[in-house]
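Worksheet for the structure shown next.
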Amino acid sequence: MNETVNDTSLRDRIAGLLNRYPALDPVERDELIAFIKTGPAVDRGMLKGDPATAAAIRRVEADHPEHFRLGLGRQLFVAAAIVLPFLAICWLAWEVGAK
């Protein structure tokens, strides 16, 4: 039961930061960005689903795009995750068709 209270207090804290954005000090801004990037999915979803905070989240993401872009390593990983299964299916189709 304590976890629910803690989760709610974290979500309430982030909502408070979103309501004050952009009038945040650098530490609060970094905390907000870190939460939007890696916070609990349920809490992020609840905040993004609330019209009062969703616009503020979009604004944070627009104001700090460098924190939300995929790095080169992740881009290569995503490309490989798309291309490799496709190539495996093509190879299997070729092998089945050749027999």
Practice prompt. Quick one: among I57, I33, I82, which has the greatest mean-square fluctuation in a GNM of the chain with alpha-carbon springs under 10 angstrom?
Written response: I82
Worksheet entry | Given charges at Cβ of Lys, Arg, Asp, Glu: the chain dipole, positive-most of L47, N19, P65 | P65
Worksheet item: Accessible area per residue, 1.4 Å probe, Å², for region 39-99: what's the number?
Response: 78
Discussion item. Taking 8 Å as the Cα distance limit and 6 or more residues as the minimum spacing, I'd like the relative contact order of the chain as a percentage.
Written reply: 23
Worksheet item: For K37 and W91, what is the calculated FRET efficiency with R₀ set at 22 Å and r taken between the beta-carbons, to the nearest 0.05?
Response: 0.05
Worksheet entry | Potential lengthening between E28 and A54 on full extension [0.36 nm per residue; Cα-Cα distance subtracted] | 7.6 nm
Worksheet item: So, with a 1.4 angstrom probe, what is the percent of accessible area on the chain that is carbon and sulfur?
Response: 64
Worksheet item: With charges only on Cβ, +1 for K and R and -1 for D and E, what is the dipole size of the chain about its Cα centre, in debye, rounded to 20?
Response: 360
Worksheet item: Expressed as a whole number of Å, what is the distance separating the alpha-carbon centroids of region 13-31 and region 52-85?
Response: 21
Worksheet item: Which chymotrypsin sites (Phe, Trp or Tyr not before Pro) does the chain hold that lie in a coil by DSSP with at most 13 other beta carbons within 10 Å?
Response: F68
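The values are calculated or read from the model by the stated rules, or taken from the named source; none is laboratory data. Being a predicted model, the structure only gives us computed values, none of them experimental. Every residue, glycine as well, gets a Cβ built from its backbone with ideal geometry; the counts of neighbours run over all protein chains shown. When the accessible area is computed, the model is the full protein with side chains, heavy atoms only, and any ligands, DNA or RNA have been set aside. Shrake-Rupley method; radii C 1.70, N 1.55, O 1.52, S 1.80 Å.
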